[in-house]
1. For the chain, what is the mean residue ellipticity at 222 nm derived from helices alone (per DSSP H run of n ≥ 4: -39500 (n - 2.57); sum divided by total residues; nearest 500 deg cm²/dmol)?
2. State the Cα centre-to-centre distance between segment 188-237 and segment 286-337 in whole Å.
3. What accessible surface, in Å², does a 1.4 Å probe find on Ile148, ignoring ligands, DNA and RNA and rounding to the nearest 10?
4. Among the Cys residues of the chain, which have no other cysteine Cβ under 4.7 angstrom away?
5. With Cβ to Cβ distances under 10 Å as the rule, what net charge do the other residues near Asp153 carry (K, R +1; D, E -1)?
6. Counting only other residues whose beta carbon sits under 14 Å from that of Glu53, what net charge do I get with K and R as +1, D and E as -1?
7. Loop only per DSSP, at most 11 neighbouring Cβ atoms within 10 Å: give me the trypsin sites (Lys or Arg not before Pro) in segment 29-79, ordered by residue number.
8. Relative contact order of segment 179-287: what whole-number percent is it, with Cα pairs under 8 angstrom and at least 6 residues apart?
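The values are calculated or read from the model by the stated rules, or taken from the named source; none is laboratory data. Note that the structure is a prediction, hence the values are computed from the model and not measured. In this analysis, Cβ positions are derived from the backbone assuming ideal geometry, glycine residues included, and neighbour counts consider all displayed protein chains. Remember, those area values only see protein heavy atoms, side chains included, never the ligands or the DNA or RNA. Shrake-Rupley method; radii C 1.70, N 1.55, O 1.52, S 1.80 Å.
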Amino acid sequence: MVEVRYYVTLSVLSAMFVKIQGGPGECFNVTTSEGLRTLLHGEKACAPLNKGETGADLGLRYVTCNSGSVTVKACVPPFRFHAKKEQCAPPDIAKCSRRNYSLSRIASRRKTQTPLEGPCSPRNCNLPQCFCYGAEPSMAVADRPQFIMVTFDDAVSTWLYEQYYKPMFVDNKFQVFNPSGCPLRTAFFVSDKNTNYDKVLKLWQAGHEIVSHTINHELPPGHVDTDYPDMVAEIDGERQRVLKVLNNKALVESMKGFRSPFLKVAHDVQYDVLHDHNFLYDTSVTSMEMWFGKSPLWPCTLDFELGRCINPPCPTNSYPGLWEIIMNAWIADDGHPCSMVDSCLTYNYSTAKQSDWIKIFDDNFSLFYKTKVPMDYFTHGLMFDLSKTSFPALGNWLHRMRKDYSDVWIVTPQQVLQWMRNPLTNAEMKAQKWGC
């Protein structure tokens, strides 16, 4: 497997560059006619203009992502590259813009609130409505449960469901049960392309959380208010798509979370949409506290501005009651932070052993378990295809964790927030059969 990395700017005491690894096969910070973009394997985009070229030359060349590497090719004149069709086309119809403006819908923009006067503290922020960035529950660490959130991004395809999701999360092949005696719970961040919604319904009926990950696996930048309608069409659009296909209002009403594609946060416009459309949480903001030797961060509400943002533009306005489940980056096998689990193993996927994966799982679990911050196991289902050992590694590891630890719970992000708003000791949770 080709190792791919991208760079983000981090402001601590001074600006510096830090490596973050992305998903397998993706190309990060590719220069296109629309600026820097992340391209999926096989995705194409118009190349930027060369020095001396004008707008009339746009589309002469295009870039393609192939297993983490970028190639540049040219269209045969007079043809130009058509971004939406991803092919060369006659110049009178070719366009380099990817935005599908037909998705736009009329939406009223609320008047956003400026951030509350800080600093955030127990004097002005209390559960269950508010929780400060960088705070932790007052409960003794020994009494806390250790949550593990296992989530999967992108399409729920028929293949992924039949080969992996159904055996592990519907049939419970690895016999993983929470301390309450009830089966594990996971979450699926769904985008539309290649998704089999009948399989989505089966996962939801089995007790798993379904989450919006946009319709087209992209968001407008969010730099201007006029991005709002397109932002609504992508974020809430996936919920509307589920409703249209399945006609299941209960499922749609349970879709309370969101994660930005490629973890590209789209400023306040993204959070305006989430707030306006009654989402409970976002989980797009990344943290690298563990890489700095610090404790990972608990989820927090967005009443106050986040204390640190390493994948800007993060929200700056106040969004009372909207939670941010911060993505605490793991430490990869080579010592660098990795935002998604499938990018934490830098060996060739085809030769990786179960023990290679399990070592990474164990090493990172120990960092969370010190303070029992909810552990994020965020990945893509494609990981199981690219590394056949990763599937049994996860199943066997979860089974062993439940056998070895009486306080480990495999739950959904919504369940974590349910606990945050009404904390119970591990003993109380077991007695009440919490989460069943």
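1. -6500 deg cm²/dmol
2. Result: 22 Å between the Cα centres.
3. Solvent-accessible area, nearest 10 Å²: 0 Å².
4. Cys300
5. -1
6. Neighbourhood net charge equals +2.
7. Lys51
8. 27
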